[in-house]
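These notes are about the structure you will find just below.
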Amino acid sequence: MDSKDALVVFEGTKIRRKWHDGQWYFSVVDIIQVLTDSGSPRQYWGVLKSREPQLLTICLQLKLPSSDGKYYNTDCVNTENAFRLIQSIPSKKAEPFKRWLARVGYERVQEIEDPELAQKRMTGHLNTKNLFSQDCLSLTSEVFIFT
């Protein structure tokens with residue numbers, strides 16, 4: 001497995017992913033396993049697909065390694081669609097993601113109504129990055145002085 005086919009660990013559970021068409025795709029059953037603690041995430045995915053057939057339109061089948069070491073076609077979603085999938089999972093573990101998505105969505109709607117809010121948010125991000133860069137530069141200078 002190279003760097004473009006790597007595992008991500010979330011709360012101690014591995015989520016298979018694959019770099020495809022310039023973005024990461026994540027295994028749907030692995031996401032379901034993490035968020036539901038289901039003993040049979042494939043069956044859970046089957047029920048979810050039958051309840052919400054539109055979820056099939058956000059998936060792409062990619063060959064991912066299985067526990068037996070072989071590669072099988074696996075339903076995968078990109079990052080944007082992973083958030084959509086998470087919204088469909090009724091689970092306590094999914095709730096923090098759902099609240100975060102709702103908060104970010106609300107903030108963006110506010111920024112559309114008042115573009116000055118977006119400018120303030122970006123200025124805050126840039127100031128944080130700039131301070132971090134200055135601290136690193138300062139640390140680097142000190143290291144060179146002492147060596």
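Quick notes on this structure:
- Within segment 111-140, residues that are surrounded by 10 or more Cβ atoms within 10 Å (Cβ to Cβ) have Cβ atoms under 6 Å from residues that are of a type in the set (A, V, I, L, M) and modelled with pLDDT of 70 or more in these pairs: 111/117; 111/118, counting only partners at least 6 apart in sequence or on another chain.
- Candidates 52, 107, 113 - the one that is of a type outside the set (S, T, N, Q), at pLDDT 90 or above and out of contact with any strand residue (DSSP E or B) (no Cβ under 9 Å at 6 or more places or on another chain): 52
The values are calculated or read from the model by the stated rules, or taken from the named source; none is laboratory data. Every value quoted in this text rests on a predicted model; they were computed, and no experiment measured them. Here the Cβ is made from the backbone with ideal geometry for all residues, glycine too, and neighbour counts use every protein chain on show.
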